[in-house]
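These notes concern the structure reproduced below.
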Amino acid sequence: MLETTQNHLWQLLWEYDPNGLIAVDSDLMIKVVNPAFCKLFNVEASEIIGKPVTEILGNVDHFKTVWETNQVIRGRETEYPEYHLYIREFIFPIKEENIIGCIMSDITAEMERKKETDIIKAETVKKVNEVVDNQMKVAQEIAGLLGETTAETKISLLKIIELVNQ
């Protein structure tokens with residue numbers, strides 16, 4: 001009974017996990033995906049189970065590396081432009097099951113906010129540079145005018161001094 005309850009709980013976690021979950025074998029064939037994965041990549045599980053993971057994810061050299069080195073990749077950010085997705089991946093080997101697992105968190109909204117922030121920062125820097133350039137231009141014009149009037153004043157004063165000295 002306890003094992004049945006645990007299996008049911010694991011099934012519920014699998015079904016309701018908001019992260020995309022995928023397991024592939026060492027030949028990179030899809031073994032299992034959860035509903036969140038299917039939603040992220042707009043596929044049906046029945047259509048992709050048993051197919052090469054490259055059909056959905058494209059280049060998966062990082063999966064191969066995980067398998068070959070038996071090391072975990074944490075927090076790898078990958079863009080899937082054809083799905084308009086940015087994903088943070090946690091990829092790990094399960095050698096005893098001949099499986100590579102991947103947990104995929106959708107960070108699309110976060111990355112789009114970052115892009116918007118970067119655009120705003122770039123525009124702000126551009127505006128600040130324009131303001132500084134305009135201020136420099138005005139300061140140079142003022143300096144030029146001051147120089148001209150100072151020269152005119154000096155000439156006038158020299159003429160007055162010359163007249164006074166005569």
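Things worth noting here:
- Cβ-Cβ distances below 6 Å connect the following pairs, each with a first residue in the range 60-85 that is among the polar types (S, T, N, Q), a second residue that is open to solvent by 20 Å² or more (accessible area, probe 1.4 Å) and outside any loop (DSSP other than H, G, I, E, B), and a separation of six or more residues or different chains: Asn70/Pro93.
- Top-ranked residue in the range 69-95 [being under 16 Å from Pro18 (Cα atoms) and not hydroxyl-bearing (Ser, Thr, Tyr); ranked as surrounded by the fewest Cβ atoms within 10 Å (Cβ to Cβ)]: Phe90
- Test for Ile103: is it modelled with pLDDT of 90 or more, within 35 Å of the chain's Cα centre (by Cα), hydrophobic (A, V, I, L, M, F, W, C) and open to solvent by 80 Å² or more (accessible area, probe 1.4 Å): no
- Of residues in the range 106-157 being of a type in the set (Ser, Thr, Tyr) and within 30 Å of Glu79 (Cα to Cα), the one surrounded by the most Cβ atoms within 10 Å (Cβ to Cβ): Thr108
- Just one of the listed residues (Glu82, Glu89) is in contact with a His (Cβ under 9 Å, 6 or more places away or on another chain) and within 26 Å of Glu110 (Cα to Cα), and it is Glu89.
- Apart from one condition, Gly50 fits all of (1) surrounded by 13 or more Cβ atoms within 10 Å (Cβ to Cβ); (2) not in a helix (DSSP H, G or I); the exception is (1).
- Residues of the range 67-99 that are aliphatic (A, V, I, L, M) and closer than 17 Å to Val32 by Cβ: Ile91, Ile94, Ile99.
- Hits in the range 27-47 - residues which are open to solvent by 40 Å² or more (accessible area, probe 1.4 Å) and in a loop (DSSP other than H, G, I, E, B): Asp27, Asn42, Glu44
- Just so you know, in the range 114-166 the residues that are closer than 30 Å to Leu85 by Cβ and of a type in the set (A, V, I, L, M, F, W, C) include one that is nearest to the chain's Cα centre (by Cα), and it is Ile119.
The values are calculated or read from the model by the stated rules, or taken from the named source; none is laboratory data. Predicted model, so just to flag it, every value in this text is computed and none were measured. Every residue, glycine as well, gets a Cβ built from its backbone with ideal geometry; the counts of neighbours run over all protein chains shown. Accessible surface areas use protein heavy atoms only, side chains included; no ligands, DNA or RNA. Shrake-Rupley method; radii C 1.70, N 1.55, O 1.52, S 1.80 Å.
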